[in-house]
Amino acid sequence: MFAGDAVDVHNGKCVRASTGSLFHVPVARERDVSATLAACRDAGLRTLATDGYAERDLTDVDLDGPIAWVFGNEAHGLPAEVVEAADEAVRVPVHGQAESLNLATAAAVCLYARIVRG
């Protein structure tokens, strides 16, 4: 699900980055982020917003049950109102000198943590 002012998933860069996988999975778009979060909750999902400044670390969050992960763009992250609207905000631990992770890496870490711990 792409919500808000997300990139067009059918632009050339997205198609290449996904190696065409986006043509084989359902893709939905909704401009209203609040409606998207509400739909996730109505479907029984807990919403976890990723934010580099969140108080809770990914390693300290309960990852049991169905989760809808909310990721922002690489340049600016999630708007504050989206982080606040999610059920919980979590940060991905970054060790060493790295300033941040790109979106694909952060998503991979979160999804892996869910598989291993959830």
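Would you confirm whether or not region 87-105 contains a residue that is in a helix (DSSP H, G or I) and farther than 25 Å from His10 by Cβ? No. Tell me yes or no: at least one residue of region 103-116 is closer than 23 Å to Ala17 by Cα, at pLDDT below 95 and among the aromatic types (Phe, Trp, Tyr). Scanning region 103-116 turns up at least one residue that is closer than 23 Å to Ala17 by Cα, at pLDDT below 95 and among the aromatic types (Phe, Trp, Tyr). Residues considered: Gly52, Gly65. Of these, the only one that is in contact with a Lys or Arg (Cβ under 7 Å, 6 or more places away or on another chain) and at pLDDT below 90 is Gly52.
One residue alone among Arg46, Arg56 is surrounded by 15 or more Cβ atoms within 10 Å (Cβ to Cβ), of a type outside the set (Val, Ile, Thr) and within 20 Å of Arg117 (Cα to Cα), and that residue is Arg46. Filtering region 68-85 to residues that are among the hydrophobic types (A, V, I, L, M, F, W, C) and either at pLDDT 95 or above or closer than 14 Å to Leu48 by Cβ (or both) leaves Ala68, Trp69, Val70, Phe71, Leu78, Val82, Val83, Ala85. For Thr36, the stated conditions do not hold, so it cannot be described as among the β-branched types (Val, Ile, Thr), part of a strand (DSSP E or B), surrounded by 11 or more Cβ atoms within 10 Å (Cβ to Cβ) and under 16 Å from the mean Cα position of the chain (by Cα). For region 59-82, filtering for residues that are surrounded by 18 or more Cβ atoms within 10 Å (Cβ to Cβ) and more than 16 Å from Ala106 (Cα to Cα) leaves 1. For Arg91, the test of being in contact with a strand residue (DSSP E or B) (Cβ under 7 Å, 6 or more places away or on another chain), surrounded by fewer than 15 Cβ atoms within 10 Å (Cβ to Cβ) and either under 14 Å from Ala3 (Cβ atoms) or at pLDDT 90 or above (or both) is failed.
The values are calculated or read from the model by the stated rules, or taken from the named source; none is laboratory data. Only a predicted model underlies this, so the values are computations on that prediction, with no experimental measurement involved. In this analysis, Cβ positions are derived from the backbone assuming ideal geometry, glycine residues included, and neighbour counts consider all displayed protein chains.
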